[in-house]
Each structure stands twice: as C-alpha cells, then as structure tokens.
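Below is one structure, written out as structure tokens; the observations come after it.
The values are calculated or read from the model by the stated rules, or taken from the named source; none is laboratory data. Because the structure is a prediction, the values reported are computed rather than measured. Don't worry about glycine lacking a Cβ; one is built from the backbone with ideal geometry, like all the others, and counts go over all protein chains shown.
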Amino acid sequence: MSRKGNCLDNAPIESFFHLYKTELLSNRPLCWDIQELTRLSRDCIHFFNYERISLKTKGMTPVEYRNHALLA
C-alpha cells in the first residue's frame, strides 16, 4: 500500500480484491467457519494464478506468462 495521496500503487491490488470478491463471494451462501473460507480462498487464488487465462498475457495464465518472461 502506498502513502496517502498516491493511489497508483494501490490499483493492482484493488483490482485483484475486486475480482476476488465478485468471483468468490457472489451467489454463494455465507461461510459458517474459517476453514471453509480458507479453503474457498485457496481455491480461488489457485484458479487466479494457474488456470485463468487473460488476453493481456497473450492467452497464458499468470504463472505461464511470468515463466515465459523470465526465460526471455
């Protein structure tokens, strides 16, 4: 998080949390214990990093794109 008045550094994490809340918590019943919320969060983050493709990353997952960039 950046200092007050410098919102540009917060944009990527705010974008992630927006996607996290809309994809994970929409149309689901409430979690009744912390273990269930933890499992759902881990599944969502795994999907976000290893399975979700994006046009910004040339149709690759974020992990594939990072590995591709490191090899270049």
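Scanning region 45-59 for residues that are under 17 Å from P12 (Cβ atoms) and surrounded by 13 or more Cβ atoms within 10 Å (Cβ to Cβ) yields I45, F48, N49, R52, T57. Just give me the residues in region 44-70 being closer than 27 Å to R28 by Cα and not in a helix (DSSP H, G or I), in sequence order. Once the filter is applied, which keeps residues that are closer than 27 Å to R28 by Cα and not in a helix (DSSP H, G or I), region 44-70 yields E51, R52, I53, S54, T61. So which residues in region 25-72 are of a type in the set (A, V, I, L, M) and within 10 Å of the chain's Cα centre (by Cα)? Listed by number, the list holds a single entry, I45. Residues of region 1-19 that are at pLDDT 80 or above and either hydrophobic (A, V, I, L, M, F, W, C) or not in a helix (DSSP H, G or I) (or both): I13, F16, F17, L19. Among the residues of region 20-43, the one identified as surrounded by 11 or more Cβ atoms within 10 Å (Cβ to Cβ) and in a loop (DSSP other than H, G, I, E, B) is C31. Contact annotation: residue pairs with Cβ atoms under 8 Å, 6 or more positions apart or on different chains, pairing a residue in region 55-72 that is under 21 Å from C44 (Cβ atoms) with a partner that is of a type in the set (K, R) and assigned to a loop (DSSP other than H, G, I, E, B), are T61/R52; P62/R52; Y65/K58.
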